[in-house]
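What follows is a single structure, written as structure tokens, with notes after it.
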Amino acid sequence: MRTMRSVAWPLKDFISPSKQLAQPPGQPTAAEGHGCSAAQVEQSKKFKMTTDSNHAFNIAPNLLNRGFHVDAPIQKWAGEISYAWARKGRLYLAVILDLHFRRVNGWAVSNQMKRDLAI
């Protein structure tokens, strides 16, 4: 089994300082700090469609057909690719799961979504 590579650059470069996990107690929110009410705050970016379903590429068959129950390990694996916005653009995360243990078998991070991210 091939092990997946880890990230080659510090993740702190990709974490946006504007994405705070929690507001410190007693501190005004961004809207309150500028004299606005929360109802006046508008979304800065519009939704952008990232999936192109109209293509001529081969589509992989659905071999699981929602059969996620597994009696032994290494019988069925599932994968997912997701992204998050970061300071330097998008950061892509590919994850491989063993459906028996429901745990991550491997993962890879990249700033580009190319074929070798999931391989």
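The values are calculated or read from the model by the stated rules, or taken from the named source; none is laboratory data. Given the structure is predicted, the values throughout are model-derived calculations rather than measurements. In this analysis, Cβ positions are derived from the backbone assuming ideal geometry, glycine residues included, and neighbour counts consider all displayed protein chains. For the accessible areas, the whole protein counts, side chains as well, though only heavy atoms, and no ligand, DNA or RNA atoms are used. Shrake-Rupley method; radii C 1.70, N 1.55, O 1.52, S 1.80 Å.
A few notes on this one:
- Counting residues in the stretch 14-33 that are at pLDDT 90 or above and either assigned to a helix (DSSP H, G or I) or touching a Pro at 6+ places or on another chain (Cβ under 7 Å) (or both) gives zero.
- Residue that is assigned to a strand (DSSP E or B), over 23 Å from MET49 (Cβ atoms), of a type in the set (Val, Ile, Thr) and in contact (Cβ under 8 Å) with a residue 24 or more places away in the chain, where the choices are ILE96, ILE81: ILE96
- All positions within the stretch 77-93 that are charged (D, E, K, R) and open to solvent by 60 Å² or more (accessible area, probe 1.4 Å): GLU80, ARG87, LYS88
- Filter result (under 16 Å from the mean Cα position of the chain (by Cα) and either farther than 16 Å from LYS76 by Cα or open to solvent by less than 60 Å² (accessible area, probe 1.4 Å) (or both)) within the stretch 94-114: ALA94, VAL95, ILE96, GLY106, TRP107, ALA108, VAL109, SER110, ASN111, GLN112, MET113, LYS114
- Of all residues in the stretch 48-76, those satisfying the criterion of being loosely packed, with under 10 Cβ neighbours inside 10 Å and among the basic types (Lys, Arg) are LYS48, ARG66.
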